[in-house]
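What follows is one structure encoded as structure tokens, with my remarks underneath.
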Amino acid sequence: MRIFRSYLEKIAEINNLDIAASDKGNGKWMFHHGMLFLSPYKWWQDRGVYKIDKRKTAHEGIDILFFKNKNKQIQKLNTDTLIPAATNGKIINICDDFLGQSIVVLHNSSSQEELDIIFVYAHILPESSMTIGTNLRQDEIIASIADTSKIKTPLPPHLHLSVIEIPKNTPVKHLNWNFFSNRENKINLINPLFI
Ligand SMILES: [Zn+2]
């Protein structure tokens, strides 16, 4: 929770969000059930009629979008929102996803010999300076949220974050959403709330 909570605080800080200062990252961010880790549900409506649809696969991470402002109104992140890195690391892949692009970052501090930990920042537009091989410092700005208005989707722009353990020998070209969503693969999805 320590990394995730401070990550939310950092998003609020660098974007000057109108979020209550006393509670940054602590109850001011709002998550529908379908936005949470391993939720089977969608939090958007595909058919314009209220109905809780199921996702094709359980949610591989957490979706970050809604927060309460100082007047207790619900606000959304928008496509100007800058996305920082949650930890130090190195970009090992950049791939497309269904709303934008994803940056795959190898986290430095995996304690297990056989496994690496990667952070996947999805539905974003990477900064032009961010390429495969770029070393990142925690809090460095890596992207903004991808604009979804030009593609046919009922999903508002938002940040998806996944944290995944993968075998050390996994070829980096495999590190994309076909791989992350395939439960046959030997990967271990980690709940970002508990990092
Ligand atoms: Zn998501």
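Which of the lysines could be linked to Lys173 by a straight reach, that is with a Cα gap under 17 Å, when you skip same-chain ones fewer than 8 residues away? Result set, ordered by chain and number: Lys90, Lys186. Volume per residue for the chain equals 120 cubic angstrom (convex hull of Cα atoms).
Shown here for the range 73-145: GluC sites (Glu not before Pro) in loop regions (DSSP other than H, G, I, E, B) with at most 13 other Cβ atoms within 10 Å, namely Glu113, Glu114.
Bridging of Lys56 to lysines at a Cα separation below 17 Å is possible for Lys42, once same-chain residues fewer than 8 apart are set aside. Here Lys70 is the anchor, and the lysines within straight C-alpha reach of less than 21 Å, apart from those fewer than 8 places off in the same chain, are Lys10, Lys24, Lys28. Put simply, the range 82-194 fits an ellipsoid with semi-axes of 22, 17, 12 Å; these come from the alpha carbon gyration tensor as the roots of five times its eigenvalues, largest first.
Projecting label points 7 angstrom from Cα along Cα→Cβ for Asp53 and Asn191 puts them 2.7 nm apart. Can you find, among Ala20, Asn182, His123, the residue sitting farthest towards the positive end of the charge dipole of the chain, where Lys and Arg contribute +1 and Asp and Glu -1 at Cβ? The residue sitting farthest along the positive end of the dipole is Ala20. Got a sec? Charge dipole of the range 82-194, +1 on Cβ for Lys and Arg, -1 for Asp and Glu; which of Leu82, Pro154, Ile164 is way out at the positive end? Comparing the listed Cα positions along the dipole, Pro154 ranks first.
The numbers here are math on the coordinates, done by the rules we state, and not lab data. What you see is a predicted model; the values in this text were computed from it and never measured. Every residue, glycine as well, gets a Cβ built from its backbone with ideal geometry; the counts of neighbours run over all protein chains shown.
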